[in-house]
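The values are calculated or read from the model by the stated rules, or taken from the named source; none is laboratory data. What you see is a predicted model, and the numbers here were worked out from it, not measured in a lab. Cβ placement follows ideal geometry from the backbone for every residue including glycine, while neighbour counts extend to all protein chains displayed.
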Ligand code: GUN
């Protein structure tokens, strides 16, 4: 029987609707979340991703402020903009779309983002928190992947999860999240000797490489949950994932491309921005609450 498709588009739409409702209630109190968007250079794919993220902001009620920087921007110029957004009280999240222009130290710029505004979860500090199991922001694509897996009803505990790809954005963080959920995790990559041997063990297979047709049905365990993170443009203009269409014959569940992981990445960015906003509000309340409490204690003379 052909795999059931996991409808990421519908799930993302539901999440955006829930977030819009939360933001609408907040807006009634006169406050609104804000996202500072930095697009440096003219990578065509990045431009499309940013456009989708800004459209989602408009739908959810997040104020997005777009900063377009030329491909010739220097590291110093980008750092200066991040510094400005860090200090801006109306900005609760910063989206620094990657890749940055050539010659710019990406790690240095990412790490200049204030940790509480790091809605992608890319800073070294937040990545370290994820690594050590401390509460922090969860990177958007891995967060979306876990939601997609959960929608199948498959319990990850004790399952064998195989991740193909070891990027900082997807492969490594998703492996940590699967581990946190008590899966046995194998990470494969370009130097893995026998990829098929590893992937055939997978109850859950996450493919995040960027190579059309990398995984075919002979590499998939019957009934497995397969999450295809790939986005590859073919010469004829079609966008396909990393899985061959025949994977549908072996898998139990499969995310389509397009319409699977992509929309969930965007929706999770919205969720992280709303959460960053709520934490900022809470921190403000605490600061504002202190003198009031102290004043009250002073008035009554005891605690
Ligand atoms: N470039 C590719 N994927 C991403 C992502 O999820 N976030 C950002 N900021 N840049 C990216």
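Remarks
- Every test in (1) within 16 Å of residue 270 (Cα to Cα); (2) over 17 Å from the mean Cα position of the chain (by Cα); (3) at pLDDT 95 or above is passed by residue 27 save one, and that test is (3).
- Selection over the stretch 59-86 of residues that are part of a strand (DSSP E or B) and either touching a helix residue (DSSP H, G or I) at 6+ places or on another chain (Cβ under 6 Å) or within 16 Å of the ligand (Cβ to nearest atom) (or both) gives a count of 6.
- Flag for residue 152 being out of contact with any helix residue (DSSP H, G or I) (no Cβ under 6 Å at 6 or more places or on another chain), within 15 Å of the ligand (Cβ to nearest atom) and either assigned to a loop (DSSP other than H, G, I, E, B) or at pLDDT below 95 (or both): no
- Test for residue 222: is it in a loop (DSSP other than H, G, I, E, B) and under 24 Å from the mean Cα position of the chain (by Cα): no
- Scanning the stretch 87-136 for residues that are away from the ligand (no atom under 12 Å from the Cβ) and touching a residue at least 60 places away in the same chain (Cβ under 8 Å) turns up 92, 101, 104, 116, 117.
- Qualifying residues in the stretch 184-207 (those that are out of contact with any helix residue (DSSP H, G or I) (no Cβ under 6 Å at 6 or more places or on another chain), in contact (Cβ under 8 Å) with a residue 24 or more places away in the chain and part of a helix (DSSP H, G or I)) - the one surrounded by the most Cβ atoms within 10 Å (Cβ to Cβ): 198
- The one condition from (1) in contact (Cβ under 8 Å) with a residue 24 or more places away in the chain; (2) in contact with a strand residue (DSSP E or B) (Cβ under 7 Å, 6 or more places away or on another chain); (3) in a helix (DSSP H, G or I) that residue 54 does not meet is (1).
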